[in-house]
Amino acid sequence: SIATVVSVFNGEHSVGSQVTVRGWVRTRRDSKAGISFLAVYDGSCFNPIQGVVPNNLNNYQDEILKLTAGCSVEMTGEVVESQGKGQTFELQVTEVKVVGWVDDPDTYPMAAKRHSIEHLRELAHLRPRTNIIGAVMRVRNCLSQAIHRFYHERGFLWASTPLITASDCEGAGEMFRVSTLDMQNLPMTDKGEVDYDKDFFGKEAFLTVSGQLNAETYACALSKVYTFGPTFRAENSNTSRHLAEFWMVEPEVAFADLDDVAGLAEDMLKYAFNAALTECREDLEFFAQRVEKTAIERLEAFVSSDFAQVDYTDAIQILKNCGKKFEFDVEWGIDMSSEHERFLAEEHFKAPVVVKNYPKDIKAFYMRLNDDGKTVAAMDVLAPGIGEIIGGAQREERLEVLDMRLEEMGLEKEDYWWYRDLRRYGTVPHSGFGLGFERLVSYVTGVSNIRDVIPFPRAPRSANF
Ligand code: ATP
Ligand code: MG
Ligand code: MG
Ligand code: MG
C-alpha cells in the first residue's frame, strides 16, 4: 500500500508489511558491503525515511547508483525496525522506481549543503524542499488548524470578509488600489487629473487592510465571529515584521468588553502554542537546534505564564523611569515602537503583556472612548522577542459618541452610514482584535524575518511569482 513517511514512523504499518513511499531523495550512501541507503523525504514529517537497498535489484547499477539529491522516486519495501539511532522504522527495499531525474546534479541549487535563509528567499520555488521551510510550513499549518479549532470549539462562526473593499479601516495601513480602468484611456476629472474614483466599475476600491468593520456587522447579528484571511498593506517598510500581504485572524464578539477579548487573546495564543508543542515536536526541536536556542522553552514559558496587564499611561512611566536610552523618545501620546514594546515584555514584565487604554489621538475613530475623555479602550498584546502581535479594542457602540469622534477626526458621517446603522438598530457593546498570523509563526519557530514564514512573501524587493 502507499504510505507516507510519517505513517510508517508512527507504526501505522505493521512490521513485515509491504509499503510504497513516494518522495524525493535527500541522500544516497553506498556501503562496501554492496548495499545502498536512500533517505527519502516526502514532507509529511521532519525526517526522511531510510531505505536499505540491496545490490541485487535489477536497476541497481544503472539507476540506483546514479540517484542524487532531488530525484523523485517510488520506493517499495518491507517495514522493519530500524537499527539506526533516532529512527523507529525503515524499509528493506525490494523495488525503486525512478520518477524524475535531476538533469544536472552539479548545478542543482538544493544540493545537500546549507544555504543562508536570505539566499533561499531568492529561490522561492525550490526552498520548500529545505528542512527549514518544510518545518515552517508544518508549524504554520498546525497553528492555523489550531486557531480554527479554537474558535469552532467556542461557537464562533468563520465569516470571510471581502478582500476588495472601499473601507480603509481608518489608517490601519496604506492601501493598494484595485483598478479596472483602461490604462490607455484613463478617465479624467474636470481638473484634468486621472479620476481614480471611477476605479472599480465606476467606484473607488482597495485591497483590504483589515476585515474588522465588516466583521463587526456580522458580530452584531451572529454574536461571535472571526475572520482569517489575507490582508494587504502598501507599507514600504523593510522591517523584519511587516509584509505587504499577510494573514490576519480577527475575532469580533458582541456583548464583550476589552477585558473579555484580552482573555480571549490569551486563551487563543496558549491554545495554538500548545498545539504546536504537542503536534510539531520534531520541527520545534530542529528550530531549537538550528535557529533559536530557546524556541521550545519560551513557548513553554508562554503557555504557563499569566499575561501581565498594564495601562498605557503606566507603561509610559515605566519606560521613562527605566533608565534605558531608547532610539525614540518616550512621551505620553507616542505610538510605542518595537524597542519600547520589547523592553516591556522582555525586560520589565518578563512575560507577555497586554497594554490597555491608549491615547485616543493615536487610535482609530471606532475605538470606545473612556470616561477620561483622553483615552480609548484599545489594547496591544506584546510578546517577548517580537513586540506587538495583537491589536484590539472595544468598539464605540454609542451613536452620539461615534458621531462626535467622526467629526473630531474630520470624517464624513455619510461615508459610514452602514456602520452607524449598527449603532442605530439594537446597538450592543462589542470588542475584537487582530492577530498578525505571520508574527505568530515567527514567534513559534524563532525564524526572525517574517518573509521566511509565509510561502511567497510580498514585500519591497521580494521575488514576485
Ligand atoms: P505595527 O505597529 O507593528 O505596524 P499595527 O499596529 O499597524 O502593527 P494593526 O493594525 O494593529 O497593526 O494590525 C493587527 C496585527 O496585524 C498587528 O498586531 C500585527 O501582528 C499584524 N500586522 C500589522 N501590520 C502587518 C504587516 N505589515 N505585516 C505583517 N503583520 C502585520
Ligand atoms: Mg503598522
Ligand atoms: Mg502598532
Ligand atoms: Mg496595532
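Rule-based calculations on the coordinates, nothing more; no lab input. The structure displayed is predicted, hence computed values, not measured ones. As a convention, Cβ positions derive from the backbone with ideal geometry for all residues, glycine included, and neighbour counts pool all protein chains shown.
Of note:
- Percentage relative contact order, the chain, counting C-alpha pairs under 8 Å, at least six apart: 13 percent
- DSSP-defined beta bridges in the stretch 39-193 - what % are antiparallel, rounded to 5: 85 percent
- In plain terms, the C-alpha convex hull of the stretch 325-465 casts an average shadow of 11.7 nm² when viewed from every direction.
- Rounded if a/c under 1.5, otherwise prolate or oblate - the stretch 203-351, Cα gyration tensor axes: rounded
- Summing charges over neighbours of residue 79, with a neighbour being any other residue whose Cβ is under 13 Å away from its Cβ, gives -4 when K and R count +1 and D and E count -1.
- Farthest toward the positive end of the dipole of the stretch 129-244, out of 206, 243, 181, is the Cα of 243, where the dipole comes from beta carbon charges about the Cα centre.
- The stretch 169-220 pair-distance distribution - Cα-Cα, 10 Å bins, rounded %: 23, 38, 27, 11, 1
- Computed over all pairs of different Cα atoms, the Kirkwood value for the hydrodynamic radius of the stretch 62-133 is 14.5 Å.
- Average 1/r across all pairs of distinct alpha carbons in the stretch 1-137, invert it, and you get the Kirkwood radius: 15.4 Å.
- Degrees between helix 312-321 axis and first principal axis of the chain (Cα, 0 to 90, nearest 10): 70 degrees
- Aspartates and glutamates with Cα under 20 Å of residue 191, excluding same-chain neighbours fewer than 8 positions away: 182, 199, 204
- Restricting the stretch 273-330 to trypsin sites (Lys or Arg not before Pro) in coil, as DSSP defines it, with at most 15 other Cβ within 10 Å: 293, 324, 325
- Convex hull volume of the stretch 281-359 per residue (C-alpha atoms, cubic angstrom): 108 Å³
- Label-to-label distance, residue 183 versus residue 301, with points set 7 angstrom from Cα along the beta-carbon direction: 5.0 nm.
- Kirkwood Rh and Cα Rg combined as Rg/Rh, the chain: 1.06
- Rounded tilt (10° steps) of 258-279 against the dominant C-alpha axis of the chain: 0 degrees
- Anisotropy class of the stretch 320-363 from Cα gyration tensor, a/c 1.5 cut: oblate
- For residue 95, the residues 5 or more places off, or on other chains, whose built amide H falls under 5 Å of its own are 76.
- Distance from the stretch 405-465 to the stretch 1-38 (C-alpha centre basis), Å: 45 Å
- Net charge in the neighbourhood of residue 35 (other residues with Cβ under 14 Å of its Cβ; Lys, Arg +1, Asp, Glu -1) is +1.
- Listed by chain and number, the lysines placed with their C-alpha closer than 29 angstrom to that of residue 325 are 293, 350, 356, 360, 363, 374; residues fewer than eight positions away on the same chain are left out.
- Antiparallel content of DSSP bridges confined to the chain, in %, to 5: 85 percent
- In order along the stretch 19-34, the phi-based Karplus estimate (6.51 cos²θ - 1.76 cosθ + 1.60, θ = phi - 60°) of 3J(HN,Hα) comes to 9, 10, 10, 10, x, 10, 5, 8, 9, 10, 10, 10, 9, 5, 6, x Hz; Gly and Pro are listed as x.
- Beta-bridge orientation, the stretch 236-391: approximately 75 percent antiparallel, per DSSP, counting only bridges with both partners inside.
- Separation between Cα centres of the stretch 84-112 and the stretch 127-194, rounded to whole Å: 38 Å
- Helix 281-290 vs. the chain, principal-axis angle (Cα, 0 to 90°, nearest 10): 90 degrees
- Other residues lying with their Cβ under 15 Å from the Cβ of residue 314 contribute a combined charge of -2, Lys and Arg counting +1, Asp and Glu -1.
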